[in-house]
Amino acid sequence: MRNILAIARLAFWEGVRMRMVLVFVIVLVFMMLRLPFTLRGDETVAGRLQTFLSYSLGAVSLLLGLSCVFLSCATLTGEIKSCTIHLVVTKPVSRFQILAGKWLGINVLMLLLVALCGTAIYGFARFIKARPVAFERDKITLRDVVWQARVAATPVRPPELEQQAREWVASQEKQGQLFARGSEYAVAERLRALESEWKTLRPGEARAYLFEHLIPPRTAEAAIQVRYRARGINLKLDEMVPIALAFADPDTGAQLSAWFQVRERSAYLHQFLVRGQPVIKNGRALLVVSNPLPPSESLEIHLEEDDWLQILYNVGTFEENYVKTLLMILARLAFLSAVGLFFGVFVSFPVACLCAFTFYAVCLGMPFWLESIGANLQYWTEKADPYGRYGPAIRFVLVPLMKFAFPNFAVYDGASQLIDGQYVSFPLLGKALAHTLIYGGLVLLLPGWLVFRAREIAEVVV
């Protein structure tokens, strides 16, 4: 352990002295000092704070990621090229200790930089939050949406839907109908059809959706947020859909709030704020959604499957969310340092940087790469499939391999949830740490160590 710490100390100071890392740090410092005063967002304090958090955390993640790649690729390749590594390998220090020490030293430096940048960002965020607001809605949004950690609750599906689906399948089987994929699959298909009908409102129709296990707001002024995505059937995407929403007592059905009459674009995500304490009763809320058009009209409203109806309520603090977001950034950097050291074991500095940056680009654009091979689509025709008739077999192997080998940085990104005031859960944090920090360490300390151990550092001259 003493050898690992000694090498870590040398790697740390090597990173401090490295000019390229210093350039990225200077650029980052300049941006940190400028962003709070130049970004305006939508001219509200809440919008300004969200814009600042988005740009500043994105800049920290990107610039420190670039510096981490350069440093991790340069530390081994530079010593091998200059032959200074001969002074280390001739001592009682194993190749494993060299790799582990360099990885530890680089990540200690990254930890220090993330901590300094995180402290600066938080200080500026508090500064922006303390700015005077122009109107009351901005104050409520800032307090109950941005500077919070909230989770989204969706309506509880009525248990009778599954019973109806099973009864329908049983009645069809009694009439002699056979289901090729079995009765359970038929029940699932029927249940999906009933759920779609449950989410569809005909003209003049209203339906109540029950939410359970909600945490009541701590104060009478605290607000909760309602989100919905409604599509007008037989409407173009850019046309407006009328909809009415109101809260009712989950026990008695008595109306608790006024109707929210709105006209919004079809298939877009919309939201509004409402006082939480009057509408949440014993951890439950009942939201009534209505199609306000008269029955003579033909417009039906369908609540979309993705984010179709949600209530967002507070479960934690902004500070807790912020620390988790910084930990995710740090886990990314640990992964990138492991990848850079791994390639630096057996190739030159330019090639190691190219390989590490390619790895980084694949991780950043993982949703795009998966979509390009058709991983997100269920049905492909042979002509539309980029791999032809071999597409299903290729994706069966390629998709799990890509998801394992390349961490999805779009998923392991707490910044987007932090900015939106959504809770960064511990399972997500644990998954991010396991797939970046632990996985990166295994990549470095197993195959990287095996390659490094087998490599001749210098040519033998007889």
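Structural remarks
- Note on the stretch 336-366: residues that are of a type in the set (S, T, N, Q) and either assigned by TED's automatic domain parsing to the domain that holds Pro400 or within 18 Å of Asn107 (Cα to Cα) (or both) total 1.
To keep it simple, each residue is scored yes or no on (1) at pLDDT 90 or above; (2) within 22 Å of the chain's Cα centre (by Cα); (3) at positive phi.
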position: Phe247; (1), (2), (3): yes, no, no
position: Ser257; (1), (2), (3): no, no, no
position: Val289; (1), (2), (3): yes, no, no
position: Leu312; (1), (2), (3): yes, yes, no
position: Val315; (1), (2), (3): no, yes, no
position: Ile329; (1), (2), (3): yes, yes, no
position: Ala334; (1), (2), (3): yes, yes, no
position: Val347; (1), (2), (3): no, no, no
position: Ala356; (1), (2), (3): yes, no, no
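- Cβ separations smaller than 6 Å between residues 6+ apart or across chains give the following pairs from the stretch 247-260 residues that are assigned by TED's automatic domain parsing to the domain that holds Arg227 to residues that are surrounded by fewer than 15 Cβ atoms within 10 Å (Cβ to Cβ) and of a type in the set (S, T, N, Q): Ala248/Gln255.
- Residues in the stretch 180-239 that are within 27 Å of Ser298 (Cβ to Cβ) and among the hydroxyl-bearing types (Ser, Thr, Tyr): 4 in all.
- Per-region count, the stretch 344-362, residues surrounded by fewer than 20 Cβ atoms within 10 Å (Cβ to Cβ), touching a residue at least 24 places away in the same chain (Cβ under 8 Å) and not aliphatic (A, V, I, L, M): 4
- With respect to the conditions (1) modelled with pLDDT under 75; (2) touching a Gly at 6+ places or on another chain (Cβ under 8 Å), Arg395 falls short on a single one, namely (1).
- Looking only at residues of the stretch 167-188 that are surrounded by 14 or more Cβ atoms within 10 Å (Cβ to Cβ) and of a type outside the set (A, V, I, L, M), we find that the one that is farthest from the chain's Cα centre (by Cα) is Gln172.
- Close Cβ contacts (under 7 Å, 6 or more residues apart or on different chains) running from residues in the stretch 28-43 that are at positive phi to residues that are part of a helix (DSSP H, G or I) and loosely packed, with under 11 Cβ neighbours inside 10 Å are absent.
- Selection status of Ser425, out of contact with any Leu (no Cβ under 9 Å at 6 or more places or on another chain), small (Gly, Ala, Ser) and surrounded by 12 or more Cβ atoms within 10 Å (Cβ to Cβ): yes
- Scanning the stretch 131-163 for residues that are within 13 Å of Trp198 (Cβ to Cβ) and assigned to a helix (DSSP H, G or I) returns Glu160, Leu161, Glu162.
- Taking the stretch 17-75 as the range and being part of a helix (DSSP H, G or I) and either of a type in the set (Gly, Ala, Ser) or not assigned by TED's automatic domain parsing to the domain that holds Gly440 (or both) as the test, the residues that pass are Ala46, Gly47, Ser54, Ser56, Gly58, Ala59, Ser61, Gly65, Ser67, Ser72, Ala74.
To keep it simple, each residue is scored yes or no on (1) farther than 30 Å from Leu111 by Cα; (2) buried (at least 19 other Cβ atoms within 10 Å of the Cβ); (3) not acidic (Asp, Glu).
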| position | (1), (2), (3) |
| --- | --- |
| Ile233 | yes, no, yes |
| Gln255 | yes, no, yes |
| Ala267 | yes, no, yes |
| Val274 | yes, yes, yes |
| Pro292 | yes, no, yes |
| Ile311 | yes, yes, yes |
| Tyr322 | no, yes, yes |
| Ile329 | no, yes, yes |
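- For Ala375, the requirement of being under 27 Å from the mean Cα position of the chain (by Cα), over 30 Å from Lys81 (Cα atoms), modelled with pLDDT under 80 and surrounded by fewer than 17 Cβ atoms within 10 Å (Cβ to Cβ) is met.
- Scope the stretch 180-235; condition aromatic (Phe, Trp, Tyr) and closer than 21 Å to Leu309 by Cβ; matching residues: Trp198, Tyr209, Phe211, Tyr228
- Looking at the stretch 186-276, the strands (runs of 3 or more DSSP E) lying wholly inside it that each contain 1 or more residues that are over 23 Å from Glu160 (Cβ atoms), out of contact with any Cys (no Cβ under 8 Å at 6 or more places or on another chain) and among the polar types (S, T, N, Q) sit at 223-233, 260-265, 269-275.
The values are calculated or read from the model by the stated rules, or taken from the named source; none is laboratory data. Owing to the predicted nature of the structure, the values given are computational and were not obtained by experimental measurement. Cβ: placed from backbone, ideal geometry, glycine included. Neighbour counts: every protein chain shown.
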